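Novice: I have a structure here, written as structure tokens, and I will follow up with some questions on it.
The values are calculated or read from the model by the stated rules, or taken from the named source; none is laboratory data. Nothing here was measured: the structure is a model prediction, and the numbers come from that model. Positions of Cβ are backbone-derived with ideal geometry, glycine not excepted, and every protein chain shown enters the neighbour counts.
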Amino acid sequence: MNISTIRLDMRITIVSEVYSPRIGGMERYAEDMAMYWSEQGIAVDIITDTQDEGHQPTTQPYSVRRGLSFTEKVRAFKASETIFFVGVTIENILAAYLAGKRAVISHHGVYIYNQGLSHSIKGMIKRLLCRPMNNISVSKFVAREVGGRQKVILNGYRDDLFFPPQHKPNPRTFIFCGRLVPDKGVDLLISAFAKVHQTYPDASLAIIGDGCERDNLTSLVNQHNLNDRVTFFGARALPEVAEQLRQNACLVVPSRWNEPFGIVALEGLASGCEVIATAQGGLPEALSGHGRIVAPDADALAAAMRQVCEGKQSRQKAEVSKYLQSRRARCVAAEYFAYLFSSASQHDVRQDLVK
């Protein structure tokens, strides 16, 4: 769809439970969509439950409203022509039903939790509430799990931040970027790196991120006597993450759990890295054949890491460049925009409720 054919007096409300100043994939995603659509002349409002304790003034061409009550959300939704959800909360979806306006939901997870019965029930309710609406999933994996009327649009990346280095880094430099929690499998990566270090003692591993597993992971590094080869950088702002990726030859994504997509894998590709990822959830889709996909265990990770140390490449420059061109944030935002105003998504949610 040509965006120039869209009426520009429309108002889109983006509903994102998490948002800046928090740092994460969904937060960046909501910002990217708001910025691009605003640049097209569309009036964009962001509604979020994330508070900004510092009350930072915004210079963005869209409004941000925080901490609205349920009644205020219903009123805001009624005033909007289109409601676009970045993820799902039960309260927000119910507010959309009461407002009776058409809504499109972008899914960045499958709402299946391991924290007990109450969380499982909440996840089931979320999936059921989403079924009658138009759904966009960030991978085929997510679309299959969530069900309902689905459109798959793979995630995008910020090409103004993530781009290849001018000079190739040492081929024996590895990096991880993400939360330090059990699901992310950083302990598997450290164990794999210990195996690689036995053959390549000059190899190094940079770990970007923080979380509840930080102390346990530090102890594991100590057990393997890798203190001088493994560096914990803690959490870093996005520009610093991009720079660190350019300084390392290989990004490893050792997740144990089914990643809905794995945007960091895409960012690694864009930064010129060889990428090794586990065959979990949407990670293979994120790499789209341009990286190494392995089982989530230390031996498999170590074998792939040794191949990188030996200089074996899994990426073809021309093919990777073509793929990355299609996943730029602006291109992805245009895909979403076209779908939001296509005939496939033009309906009032109340029409579905009476079917």
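Novice: Give the residues of segment 55-64 that are modelled with pLDDT of 90 or more and in contact with a helix residue (DSSP H, G or I) (Cβ under 7 Å, 6 or more places away or on another chain), sorted by residue number.
Specialist: Passing the criteria: only 62.
Novice: Right, something else. For segment 78-96, which residues satisfy the criterion of being touching a strand residue (DSSP E or B) at 6+ places or on another chain (Cβ under 8 Å) and over 22 Å from residue 28 (Cα atoms)? Step through it out loud before you land on a result.
Specialist: Our first condition is that a residue be touching a strand residue (DSSP E or B) at 6+ places or on another chain (Cβ under 8 Å); within segment 78-96, this holds for 79-88, 92-93, 96.
79, 80, 81, 96 - these are the residues of segment 78-96 that are touching a strand residue (DSSP E or B) at 6+ places or on another chain (Cβ under 8 Å) and over 22 Å from residue 28 (Cα atoms).
Novice: Please go through (1) assigned to a helix (DSSP H, G or I); (2) farther than 26 Å from residue 313 by Cα; (3) under 22 Å from the mean Cα position of the chain (by Cα); (4) among the acidic types (Asp, Glu) for residue 210 and return the number of the only condition it doesn't satisfy.
Specialist: Only one criterion is unmet by residue 210, namely (1).
Novice: Just the residues that are surrounded by fewer than 23 Cβ atoms within 10 Å (Cβ to Cβ) and either more than 21 Å from residue 89 (Cα to Cα) or of a type in the set (A, V, I, L, M, F, W, C) (or both), please, taken from segment 137-161.
Specialist: Once the filter is applied, which keeps residues that are surrounded by fewer than 23 Cβ atoms within 10 Å (Cβ to Cβ) and either more than 21 Å from residue 89 (Cα to Cα) or of a type in the set (A, V, I, L, M, F, W, C) (or both), segment 137-161 yields 140, 141, 143, 146, 152, 153, 154, 158, 159, 160, 161.
Novice: Of the residues 86, 74, only one is in contact with a helix residue (DSSP H, G or I) (Cβ under 9 Å, 6 or more places away or on another chain), within 30 Å of residue 234 (Cβ to Cβ) and at pLDDT 90 or above; which? Before the answer, list the steps.
Specialist: Numbers: 74 fails: within 30 Å of residue 234 (Cβ to Cβ).
Matching residue, one of 86, 74: 86.
Novice: What strands (runs of 3 or more DSSP E), lying completely within segment 134-191, carry at least 2 residues that are in contact (Cβ under 8 Å) with a residue 24 or more places away in the chain and of a type outside the set (Ser, Thr, Tyr)? Step through it out loud before you land on a result.
Specialist: Values: elements: 134-137, 149-152, 173-177.
Because the criterion is at least 2 residues that are in contact (Cβ under 8 Å) with a residue 24 or more places away in the chain and of a type outside the set (Ser, Thr, Tyr), the strands (runs of 3 or more DSSP E) in segment 134-191 that meet it are 134-137, 173-177.
Novice: Could you list, in sequence order, all residues of segment 302-320 that are of a type in the set (S, T, N, Q) and over 13 Å from residue 289 (Cβ atoms)? I'd like the intermediate steps shown before the answer.
Specialist: Let us first name the residues in segment 302-320 that are of a type in the set (S, T, N, Q), namely 307, 313-314, 316.
Those that are of a type in the set (S, T, N, Q) and over 13 Å from residue 289 (Cβ atoms): 307, 313.
Novice: Further question: Among the candidates 112, 105, 207, 190, single out the residue that is in contact with a helix residue (DSSP H, G or I) (Cβ under 7 Å, 6 or more places away or on another chain), more than 18 Å from residue 271 (Cβ to Cβ), at pLDDT 95 or above and not aromatic (Phe, Trp, Tyr). I'd like the intermediate steps shown before the answer.
Specialist: Numbers: 112 fails: at pLDDT 95 or above; 105 fails: at pLDDT 95 or above; 207 fails: more than 18 Å from residue 271 (Cβ to Cβ).
Every option except 190 fails the conditions.
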